[in-house]
1. Can Leu38 be described as part of a loop (DSSP other than H, G, I, E, B), crowded, with 16+ Cβ neighbours inside 10 Å and either at pLDDT 90 or above or on the phi < 0 side of the Ramachandran plot (or both)?
2. For region 93-116, give me each residue that is over 20 Å from the mean Cα position of the chain (by Cα), open to solvent by 60 Å² or more (accessible area, probe 1.4 Å) and touching a residue at least 24 places away in the same chain (Cβ under 8 Å).
3. Sort out which residues of region 245-262 are open to solvent by 10 Å² or more (accessible area, probe 1.4 Å), of a type in the set (A, V, I, L, M, F, W, C) and in contact (Cβ under 8 Å) with a residue 24 or more places away in the chain, and write them in order of number.
4. Are there any pairs, at least 6 apart or on different chains, whose C-beta atoms fall under 6 Å, with the first in region 140-156 and at positive phi and the second crowded, with 17+ Cβ neighbours inside 10 Å, and if so, which?
5. Of the conditions (1) within 21 Å of the chain's Cα centre (by Cα); (2) part of a loop (DSSP other than H, G, I, E, B); (3) surrounded by 15 or more Cβ atoms within 10 Å (Cβ to Cβ), Tyr159 fails just one. Which one is it?
6. Open to solvent by 60 Å² or more (accessible area, probe 1.4 Å) and either outside any loop (DSSP other than H, G, I, E, B) or modelled with pLDDT under 95 (or both): is that true of Arg60 in this structure?
7. Read through the list (1) surrounded by fewer than 18 Cβ atoms within 10 Å (Cβ to Cβ); (2) of a type in the set (A, V, I, L, M, F, W, C); (3) not in a loop (DSSP other than H, G, I, E, B), then give the number of the only condition that Ala82 fails.
Amino acid sequence: MKYQYYIADVFTDRVFNGAQIAVFPKADGLNAEKMAVLAKELNLSETVFIFHKLQEDGRRRMRIFSPLGEINFAGHPIIAAAYVLAISGDIALTDPLTKLVFEQNVGAIEVNISSRDGQPSLVQFSRSVSSIIDRFAPSDDELCRFLGLNLADLDHKKYSPRLVSCGFPYLAVPVWNYESVRKARFNYAAWSQSAAPQTAAQEILLFAPKSSGPEADFNVRLLGPNIGIHDDPPVGSAMPAFCCYLCSFEQTRKGTHVFAVERGDQFSRRSLIQLEMDNKGLENLTIRVGGQAVLFAEGSVNLPD
């Protein structure tokens, strides 16, 4: 049987930027074994499979696979899938705002597609998350050793290193300039000899309150023992934790905050993520994540019945 697929560059408005996500918009008939094989064959960070057996209009079942196996939740696939469904004609964009729901393994995700002249312009989804914040962090000397930075690079005036988890623990580390984010190099030996492994942090969320351009308010990068020294992986899944981290500081006033986060720069696959968060000082934080996507490629695969 033949299955059509699309590859979209996500959180960007131009090809060769953002994160590449594959989408099979009509995956009915595929089982978990075949989905895993397809994701491994395409070898992208995530491959999305959309099923239409749900009876409610505007509701789709979504399953996400990396080359290593199934993923219960991810943000990039939401943007990619909504965009692909719109441009392939599966969803009609007759109004300026179109609503749909994706059923991921973690539950229902509400999605809004903004459009102009019948073409998608922005995809946004919302989530309510709770977090655990721990103010314990490795010393500045330890941070600098395993990040390859200088003490003067670290920011302790507005923010400070903290552990934050919305189910997956990150060690958030603030620096003054986005150049420090870009030049950081993870040192596994220094990491293993520091207090960092005791915090249970599995990745470092390094950020600066500046970016390479005026469109973004923060530049963010993920580093860690399971990330290649020169890799700059997508950061969408870390954004709920990043929002919770920002809200853990007193200077983040209550109310709705709108800002943008940049990953990478003009010399790499730059991403731009639009964020809104409703800081009410409560246990749960509502966030809205938005972004653009562009079509990079499309094709089909033939699978035996």
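The values are calculated or read from the model by the stated rules, or taken from the named source; none is laboratory data. Quick caveat: nothing in here was measured; it's all calculated off a predicted structure. So basically every Cβ, Gly included, is an ideal-geometry build from the backbone, and we count neighbours across all protein chains shown. In case anyone asks, the SASA skips ligands and DNA or RNA and just uses the protein heavy atoms, side chains included. Shrake-Rupley method; radii C 1.70, N 1.55, O 1.52, S 1.80 Å.
1. On the way: part of a loop (DSSP other than H, G, I, E, B): no; crowded, with 16+ Cβ neighbours inside 10 Å: yes; either at pLDDT 90 or above or on the phi < 0 side of the Ramachandran plot (or both): yes.
Spelling it out, it is not the case that Leu38 is part of a loop (DSSP other than H, G, I, E, B), crowded, with 16+ Cβ neighbours inside 10 Å and either at pLDDT 90 or above or on the phi < 0 side of the Ramachandran plot (or both).
2. Of all residues in region 93-116, those over 20 Å from the mean Cα position of the chain (by Cα) come to 93-99, 115-116.
Subset that is open to solvent by 60 Å² or more (accessible area, probe 1.4 Å): 94-97, 99, 116.
Result: Thr94, Lys99.
3. Cys247, Phe249, Phe259 - these are the residues of region 245-262 that are open to solvent by 10 Å² or more (accessible area, probe 1.4 Å), of a type in the set (A, V, I, L, M, F, W, C) and in contact (Cβ under 8 Å) with a residue 24 or more places away in the chain.
4. From residues that are at positive phi, the pairs are Gly148/Ala184.
5. That leaves (1) as the condition not met.
6. No, not satisfied.
7. (1)
So that you can scan it fast, the table gives a plain yes or no per residue for (1) closer than 17 Å to Gly18 by Cβ; (2) among the charged types (D, E, K, R); (3) under 20 Å from the mean Cα position of the chain (by Cα):
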residue: Asn31; (1), (2), (3): no, no, no
residue: Ala36; (1), (2), (3): no, no, no
residue: Phe51; (1), (2), (3): no, no, no
residue: Leu68; (1), (2), (3): no, no, yes
residue: Ala81; (1), (2), (3): yes, no, yes
residue: Val84; (1), (2), (3): yes, no, yes
